[in-house]
Every structure is written in structure tokens, then in C-alpha cells.
């Protein structure tokens, strides 16, 4: 899939906002073909910053029993994304349960932000989806933010609304 191009409405047509984007559009589209146009909402920098602020505060208030599981707010965020279903998954057949356990241990030692699950001879590796502006649209970011807020609130034994009120320092 190609990245969205930025256009400006001039009263008659949508035109690329720069010569570079015009060249990109020329490579991407065929003259005379019809294309559907849909507005893509930019992700709010405020919402993005808010997520990292409440996550840091939540991490600082985690019960001591989670210290080894989440050595940083980033560890907490990525695990919460996985637990909330926002992950990419790879499955490998190791041939046996014993080999799958060895493989999972190896992968777990190399992949700091992944979760390995063994099911018989299968190793399932889940890696948190990136929340970067480039890879996650505004609506999916908001869904993921809400979902991880619920996961983290559950760890803290609090309500997601309490986390939502956390302000950036």
C-alpha cells in the first residue's frame, strides 16, 4: 500500500501541494482512471502526548510485583498493546513441544518487546504493532490507546477514566 498524498482543494480540483507530490501522484495514478477520495484525519499530537504521559504515570505507580515485567514505560506500553490485541503474529512449527520450548526461550531472550507462546510444537510470537504516525491511522491509534488504557487500569486495579485524566507533566 502506498502512503497517502496531500492535496489542496482549489475550488475546481484536488491538486498535490508540491511538485514532489505531483510526481508521486503521476507515478501512483493513471490519467483518465477514477479513484475514490476519502479524507484522512491527522492524528492529534495532543492525544499522542497524552498517551505517553499517562503511561509514564501509570508505570511509576505499578505495584512492586510488576517491576521485573515492566522495567520501563515502553515495556508496559508494548505489552499492553499485545494484551489488547494490537500485535503482529508469526507462527513457527518447531517439530516437537520440547523444541518449541527451546525456540521460544531463545526468541524471548532476543526479542525484548515480544510475547512467545508455545502450543504443542508451535511457537507463536506476538510483537506489538507500531503506533507511529506513519503506520497507524488516527482512528486505530485512538482504539489502541483506549484498549491499552483498559489493560493498564486493570493492572493497577483502577478505572480507565482515572488514567485518562492524567496530565502531561
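On inspection, residue 102 passes the criterion of being surrounded by 13 or more Cβ atoms within 10 Å (Cβ to Cβ), free of Cβ contacts under 8 Å to residues at least 12 places away in the same chain and over 19 Å from residue 73 (Cα atoms).
One residue stands out among those in the range 105-121 that are touching a helix residue (DSSP H, G or I) at 6+ places or on another chain (Cβ under 6 Å) and either at pLDDT 90 or above or buried (at least 16 other Cβ atoms within 10 Å of the Cβ) (or both): the one that is nearest to residue 68 (Cα to Cα), which is 115. In the set 55, 62, only one residue is assigned by TED's automatic domain parsing to the domain that holds residue 147, in contact with a helix residue (DSSP H, G or I) (Cβ under 6 Å, 6 or more places away or on another chain) and surrounded by 13 or more Cβ atoms within 10 Å (Cβ to Cβ); that residue is 55. Kindly check whether there is at least one residue in the range 85-93 that is assigned by TED's automatic domain parsing to the domain that holds residue 123 and crowded, with 20+ Cβ neighbours inside 10 Å. There is at least one residue in the range 85-93 that is assigned by TED's automatic domain parsing to the domain that holds residue 123 and crowded, with 20+ Cβ neighbours inside 10 Å.
The values are calculated or read from the model by the stated rules, or taken from the named source; none is laboratory data. The shown structure was predicted, so the numbers you read here are calculated from the model rather than taken from an experiment. As a convention, Cβ positions derive from the backbone with ideal geometry for all residues, glycine included, and neighbour counts pool all protein chains shown.
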